[in-house]
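Each remark here refers to the structure printed beneath this line.
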Amino acid sequence: MNAILQIDHLNKTFDTPQGRMQALRSIKLNVRRGEFVTIIGPSGCGKSTLLKIIAGLDTDHDGQVLLDNEQVTKPSIDKGFVFQEHRLFPWLTVERNIAVDWPLRDPDVRRKVDEMIAIVRLKGFEKAYPRELSGGMSQRVAIARALLRKPKVMLLDEPFGALDAFTRSHMQEVLLDIWQQNQTTMILVTHDIDEAVFLANRVVIMDARPGTIRNMVPVDLPYPRKKSSSSFQELRRIVLSEFERVEELELMDSSGI
Amino acid sequence: MSVSTTKPLLSPAPGEESRAAAQATAKQPRKERWAVLWRGAALPVTVLAAWQLAAMLGLISPTLLPAPSAIASAAWELAVSGELFEHMHISVYRAVVGFALGGGLGLVFGVLSGLFRSFEQSVDPTVQMFRMVPHLAITPLFILWFGFGELSKFLLIAKGAFFPLYVNTFLGIRNADSKLFDVARILELSRWKQITLLVIPAALPNVLLGLRLSLGVAWLGLVVAELMGSSEGIGYLIMDARQFTQTSIVFVGIIIFAIVGKAADSFVRYLEKTLLKWRDTYSG
């Protein structure tokens, strides 16, 4: 199997005032090159922690995380990251936010940045500052910034969570478009079941306390997908029922049954 | 899959939005600018008019409060003889040297304290102690050590200018959004790029505020420096005129202080406007 990302025996604990808390337990996940994986789970299941570990932002854990057969030890441009908030530099224009430390005077960089701006459809906004952009536009700049560096994997932590429903579905289409054009491996964390099924080749369902992978549901529907089609609804139902079982267990846990 | 239909609601035509943004930052229309000027001038103009009237009616003593017209003619005489500009020249020179010395060091120390915790821990307590020592308390020492010459004046002005820039630069750096440092790590920015692309721009609003306050303090320190003993400068002009009860010249000196101070302040505000146009803040 041509796995670009191999995670095995991953354990992560936090020290809290209430004692040690296991955030992730025995996570095993392989992601194929070019695959689109979405991770879904109740809040506090450690899905964002998992993403941070893959990114190398959190290295305090046990187990192996291999990207292209190399253990992840620190953040790098190989692992593009898009946060829930856009995290643009407010003092840089759109084009400079995408280029950041790459010199725009270099014609090669200039061409790549212009290409990226075209891909995320922000032509005409090159010189705008983040305060002049809407939430969706800002997030597209953040995606372009990560994508410009040709990462081996794109990690997206609830990237559309703060957007309104219309913008969100628009952004989902933009993201699929980018994925299909660039063949970049994508791992996206979300709490939106529709989003998870709409985007993914495979939906990973996580369970909380401790965070474990409960199930994986392959989504074999062809793109572009119609959210209203019966096959989509059927898959959505499967994921939802898995998800509900997770939540029921949670309820039983917390009520002490 | 292709999403070729751009949705007008979600991504408006480029022209529209950037024009709206441009309008917000562009120059105000002429009429509005005059209104702002008028609002700023109304109070002093009214006071001046009332003052002149009172003086002409003999309601106030000319030795205590000379009429604006008397002050103007005194200023004119001083300007024509060239005396005024000589005094102004030396005063501005003192303020600039003192400010450059104190402000420059304040900026450097503030950056080092902001960036390196160990530097902060070893230097900040001492700096804070010195900050609380008043100008007037330390002036006798400066005179003892450095005499009445220019050096003690530069140092006194520098002492005042150091602290606002130091404190505000430090604060600005420490106020930088820690979330952006995660981004810097992911983008593998070098330490140098982190400083130029993240730390300095993030600190800039505070640094400029510090600059404004430092300039103000340097200008005020100048008065103390020139009053403590000198034979030229605007402060000397005031002291000298006071001894001969030439009240109108005292006023000229005070007005010069006010005007030059305001000009320096306006310059920094202009810097703020051009350097911080990316800021998204309430503007009243």
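The values are calculated or read from the model by the stated rules, or taken from the named source; none is laboratory data. Not measured: the values here are computed from a predicted model. Here the Cβ positions follow ideal geometry from the backbone for every residue, glycine too, while neighbour counts run over all protein chains shown.
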Of (1) more than 30 Å from A:Lys79 (Cβ to Cβ); (2) out of contact with any helix residue (DSSP H, G or I) (no Cβ under 9 Å at 6 or more places or on another chain); (3) modelled with pLDDT of 90 or more, B:Ser190 satisfies every one except (1)
Can we say B:Phe257 is free of Cβ contacts under 8 Å to residues at least 60 places away in the same chain, within 30 Å of A:Arg131 (Cα to Cα) and either more than 14 Å from chain A (Cβ to nearest Cβ) or not in a helix (DSSP H, G or I) (or both)? no
Checked pairs for the stretch A:116-139, first in contact (Cβ under 8 Å) with a residue 40 or more places away in the chain and over 21 Å from A:Arg168 (Cβ atoms), second part of a loop (DSSP other than H, G, I, E, B) and of a type outside the set (D, E, K, R), C-beta under 9 Å and 6 or more apart or across chains, list as A:Arg131/A:Pro90; A:Arg131/B:Trp278
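Let's see how each residue does on (1) farther than 23 Å from B:Phe148 by Cβ; (2) in contact with a His (Cβ under 8 Å, 6 or more places away or on another chain); (3) surrounded by 17 or more Cβ atoms within 10 Å (Cβ to Cβ); (4) of a type in the set (S, T, N, Q):
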{"site": "B:Lys179", "(1), (2), (3), (4)": "yes, no, no, no"}
{"site": "B:Val199", "(1), (2), (3), (4)": "yes, no, yes, no"}
{"site": "B:Ala202", "(1), (2), (3), (4)": "yes, no, yes, no"}
{"site": "B:Leu211", "(1), (2), (3), (4)": "yes, no, yes, no"}
{"site": "B:Val224", "(1), (2), (3), (4)": "no, yes, yes, no"}
{"site": "B:Arg242", "(1), (2), (3), (4)": "no, no, no, no"}
Residues in the stretch B:175-232 that are within 11 Å of chain A (Cβ to nearest Cβ), among the acidic types (Asp, Glu) and at negative phi total 2
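Okay, residues lined up against (1) surrounded by 18 or more Cβ atoms within 10 Å (Cβ to Cβ); (2) modelled with pLDDT under 90:
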| residue | (1), (2) |
| --- | --- |
| A:Thr185 | yes, no |
| A:Thr190 | yes, no |
| A:Pro224 | no, yes |
| A:Lys227 | no, yes |
| A:Glu242 | yes, yes |
| A:Ser255 | no, yes |
Only one of B:Gly110, B:Gly172, B:Gly114 is within 14 Å of chain A (Cβ to nearest Cβ), within 26 Å of the chain's Cα centre (by Cα), surrounded by 11 or more Cβ atoms within 10 Å (Cβ to Cβ) and farther than 24 Å from A:Phe83 by Cα, namely B:Gly172
Exception for B:Phe148 within (1) aromatic (Phe, Trp, Tyr); (2) over 30 Å from A:Ile98 (Cα atoms); (3) assigned to a helix (DSSP H, G or I) falls at (3)
The helices (runs of 4 or more DSSP H) lying wholly within the stretch B:1-82 that contain at least 3 residues that are at pLDDT 55 or above and more than 10 Å from chain A (Cβ to nearest Cβ) are B:30-56, B:68-81
When B:Leu237 is run through (1) over 22 Å from the mean Cα position of the chain (by Cα); (2) over 27 Å from B:Ser91 (Cα atoms), the failure sits at (2)
Subset of the stretch B:209-233, residues closer than 12 Å to B:Gly102 by Cα and acidic (Asp, Glu), comes to none
- Task: Within the stretch A:68-79, identify whether any single residue is facing another protein chain (nearest Cβ under 8 Å) and either part of a helix (DSSP H, G or I) or buried (at least 22 other Cβ atoms within 10 Å of the Cβ) (or both), and answer yes or no.
- Result: yes
